[in-house]
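To start, the structure itself, in structure tokens.
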């Protein structure tokens, strides 16, 4: 089973600094993401603290899962000087290519306590029913 993280978009730079001046990042960031298999299927878990579910967008394109949104920065004064800045704000996008034996059309998502959890069941192969094939007389 292979999962490919297609995008890791970092356009701004961000460093932890003590006693220096850190500038807020601009551009996109990539949230921490876990992908693991369970007996019930595959789970994609994305760390998105400080966001609301209506700020998130999940799009399925074939076997590709696109998760995007914007984390706002409402909690600081506009005239602050950072001593340490490690939290990313602004738009993000993560794109995952999932194995074809999972049914993304049946995915279910829940956002709770800063984590987005997407459960993807395995693809159900239709049970083959016995079928008689008619034989016609050839000419």
Problem set entry | Residues satisfying the stated conditions in the range 33-48, i.e. under 14 Å from the mean Cα position of the chain (by Cα) and surrounded by 11 or more Cβ atoms within 10 Å (Cβ to Cβ) | 33, 34, 35, 42, 43, 44, 45, 46, 47, 48
For this session: Could you tell me whether any residue of the range 36-55 is modelled with pLDDT under 75, more than 15 Å from residue 88 (Cα to Cα) and assigned to a loop (DSSP other than H, G, I, E, B)?
Result: no
Problem set entry | Hey, residue 99 modelled with pLDDT under 95 and out of contact with any strand residue (DSSP E or B) (no Cβ under 9 Å at 6 or more places or on another chain) or not | no
Exercise. Among the residues of the range 69-86, is there at least one that is in contact with a helix residue (DSSP H, G or I) (Cβ under 6 Å, 6 or more places away or on another chain) and either crowded, with 18+ Cβ neighbours inside 10 Å or outside any strand (DSSP E or B) (or both)?
Worked result: yes
Seminar exercise, completed: Scanning the range 87-100 for residues that are more than 19 Å from residue 41 (Cα to Cα) and part of a loop (DSSP other than H, G, I, E, B) gives 87, 88, 89
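The values are calculated or read from the model by the stated rules, or taken from the named source; none is laboratory data. For clarity, every value in this text was computed on a predicted model and none was experimentally measured. Please note: Cβ atoms are built from the backbone with ideal geometry, for glycine as well, and neighbour counts cover all protein chains shown.
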